[in-house]
1. State, to one decimal in nm², a quarter of the convex hull surface area for the C-alpha atoms of region A:4-237, i.e. the direction-averaged projected area.
2. Where both partners of a DSSP beta bridge lie in chain A, what percent of those bridges are antiparallel, to the nearest 5?
3. For the pair A:R114 and B:F192, how long in nm is the line joining their label points, each one 7 Å along Cα→Cβ?
4. In debye, nearest 20, what is the charge dipole magnitude of region A:4-237 about its Cα centre with +1 on Lys and Arg Cβ and -1 on Asp and Glu Cβ, if you could check?
5. Between B:V25 and B:F312, what FRET efficiency comes out of the Förster formula 1/(1 + (r/R0)^6) with R0 = 25 Å and r the beta carbon distance, rounded to 0.05?
6. Provide, as a two-decimal number, the C-alpha radius of gyration of chain A over 2.2 N^0.38 Å, N being how many residues it has.
7. Suppose every K and R has +1 on its Cβ and every D and E has -1 on its Cβ; what is the size of the dipole of the protein assembly as shown about the Cα centre, in Debye to the nearest 20?
8. How high is the relative contact order of region A:346-418, given as a whole-number percent (alpha carbon pairs under 8 Å, six or more residues apart)?
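What follows is calculated from the coordinates using simple rules that are stated; it is not laboratory data. As the structure is a computational prediction, the values presented were derived from the model and not from experiment. Cβ atoms come from the backbone with ideal geometry, glycine included; neighbour counts cover every protein chain shown.
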Amino acid sequence: MENDVVRMVGIVKRFPGVLANDRVDFEVKRGEIHALLGENGAGKTTLMCVLAGIYRPDAGAIYINDRRVNIRNPRDAIKEEIGMVHQNFLLVTPYTVTENITLGFNRPKLFLGRKELEQEILQIGDKFGMKIDPQAKIWQLSVGEQQRVEILKMLYRGAQILVLDEPTAVLTPQEVNDLFLTLRKMASAGHSIVFISHKLDEVMKISDRVTVLKKGRKEATVNTKDTSPKELARLMVGKEVLFNLRKSEGKKGEVVLSVKELQALSDKSLPALKKVTFSVHSGEIFGIAGVAGNGQKELSEVIAGLRPARGGKVLICGKDLTSMPPLKIIEEGVAYIPEDRKGVGTVGNLSIADNLILKNYRHPPFSQGQFLNLRTIKNHASSLVEKFQIITPSLDTSAKLLSGGNLQRLILAREISCSPKLMIAVHPTRGLDISATEAVHQMLLDQREKGAAILFISEDLDELTTLSDRLAVIYEGEIMGIVNPALVALEEIGLMMAGKRIETLEKREVKA
Amino acid sequence: MSLTLEKRDTFSTLTNFLVPVISIVVALLIGALIISLSGFSPLTAYYEMFAGAFGSGYSISETIVKAIPLMLCALGVGLAFKTVLWNIGAEGQLYVGAWAAGWVALSFPDGQSWWLIPLMMLAGFIGGALWGLIPGILKASMNVNEIITSLLLNYVAILGVDYFVYGPWKDPKGYGFPFSPFFGQGAWLPTFFGTRIHLGIIFAVLAALILYYLLKSMRLGYEIRVIGENVLAARYAGMNIFRTILIVFAISGGLAGLAGMAEVSGVIHRLQHAISPGYGYTAIIIAWLSRLNPIATVIVSILFGGLLVGGFSVRSLGLSESLVYIIQGIILFLLLAGEILTRYRVVWRGGSRG
């Protein structure tokens, strides 16, 4: 097309073991705000890093204004008038705003006066409605102001194409409004903006067009005014075939986990959970749906004792275990399958046998007093490896050499072998192939059969609706509603994932 | 064109062994260059060094005497490194251990009882442990960088001992030299076979065996391995990281303190200015060379004891003994470089088109 400023064709980018971008085509028009939507790990940031010269693609071509270009590094990108604002700002905190903006950017005029530079920065800021004090030191600024400095830096360097990587993740609602006003002004001045996000409502509000990525592939590009959050949610989360699952009627027992008005902060000290209340019964799979980053990680960590609660209660079998140390919670029979299998769930350099006793090494038969019982540990490992079909050359193999699916089997084997009363599973099938996914599903169902209470957090609506007995939808740290997945349409869950409360969905009785 | 590092998915146990060996060989080659630049024959110098260190019964015994404090310090340092705690304060912990043991010995100048030496050992261990706990507590409670605190406390400890040997504990009959009076004979560690090899060698080898067993088959050892490899997983598994950091620093400092005790009780027989020629620093190199394996530490310590003793004998050729420290330094550099090569492979990114 004639007015495409950016045209990326057939971009392929591989990382060891991952195909991050699989033949992706992507176009941006002059003066448009183009949202790039997808789950975590869908390849949004990778694609834009290719455009900004941070990664080199393994295949594919990039055209700027219909001219094929070869972008080898960020400097080349700037030459092509492409600027990217990353999630983590690249600012020198003891330096002033002006110094940061002009740093490392040699323009023909070598000795430009400081006053002139400050004036110029103020002018650019004014033009797009960004208030900033050019003399302030970066450390004195709020996160929102630092983001403005990053944007100004790119504009100062002449960026016509501006990529923003999840710019709203760190902002307050007021700052988000300011940012959106700025983006509108920039677009009407002829700048093109790529807006990376996984939040449906923002995308609907700010963008002209949306491109949805899923698992490294482009699903579709649509005009925002012709689409709906429902459709976008479906494109983003997608379908997956589930078969061969044995799901019994289930016998729901008494309450095992009870969460009352729970509050917690994210790593960035922003409110991540806002008075979350629900309970999970024995023999029940309680699903939590939502786009990643809406408080799921924090919720699981607070229950497991890895993150302090800032209000509210966590009761397990009636015992108040709010903000107790993790050991106390493990001893109460809580198993936890963390989102990060390699970083949290296992110790890569230790053997499979060592990894299989991570939770119960303190107790007989694995140890007597201070002494480990190496033979029992080995026998335990070999029986679990067999029972859970962990494929490994030996019990002494380092855990890091296992594939994703086998590593997840290892974690599940360990957690299930502790006969948990409550199991928290966070994205347990993410990145797994179909057979491994199915095995994980079956293990969760077997635990349900045995009377465990299961808190099942996932982004995949299909597995959530198939497995869950009840399903809650979380959005920005709040529960939008709790439904019976058998009686509700996917679209309604999609709307709740986009921030609509169940009460506002004028529909038949869907409450579970 | 550029040179980049690419992470290796796996690295073999063979490289684990080859990196230290190649580091030593290359360091000796570079040392040979330096020797020949100073106008000597490298072969003669190395022959002289080797003969000085291992050439006779006497030289072997002297090598072992030097290896004892190295072993104890390196075992302690290695345990801390295994937990990813960078205790580089073994030198100071050694001095405090020596001081505490000396204090006991000087308090009982005529002591002949069987309990005097055990009491000195206890004092030495506790002294070193407490000195190690200072950076340990700061690290565990406030995440203060232990590299800086443990390093700077070395100077405090060394100067603190100086204060005593220049001041209150100075030998009145010592013509003003900075040392304390000799300890009573009852505070001397027994020696073997008419050499200067003392009972400390038994402590050191025993300590190595205990640490080996601890890491392999004790709960604390398992916790140390998990925390050292992945602290998030340790937290997830409910381990008490705070407590483990303190225990590791206490054992690490305690072993260095025991080295100090062994040195004053077994070799010097009194406190003095400059008890250690940097054993605590050399221990860091030894710990790395032995890949934090306690049994390997014993062997590598003897090699380094030999390097120190051999360094004395090259003086007869007219070479400076600082050659030894140059070689030590080069070994450490090569080890660190080798460390990178075991985890990454070097890749040429040729051409300008992608």
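1. Working: hull surface 50.6 nm².
Mean shadow area of the hull around the Cα atoms is 12.6 nm².
2. Working: 46 of 81 bridges.
DSSP beta bridges in chain A are roughly 55 percent antiparallel.
3. 7.1 nm
4. On the way: 35 positive and 29 negative charges, 111 e Å.
Roughly 540 debye for region A:4-237.
5. Details: r = 23 Å, r/R0 = 0.92.
With a Förster radius of 25 Å, E is 0.65.
6. Working: Rg = 25.2 Å, N = 512, 2.2 N^0.38 = 23.5 Å.
With N residues counted in chain A, Rg over 2.2 N^0.38 Å equals 1.07.
7. Values: 90 positive and 77 negative charges, 91 e Å.
It works out to roughly 440 debye.
8. Working: 81 pairs, mean separation 32.3, N = 73.
RCO, region A:346-418: 44 percent.
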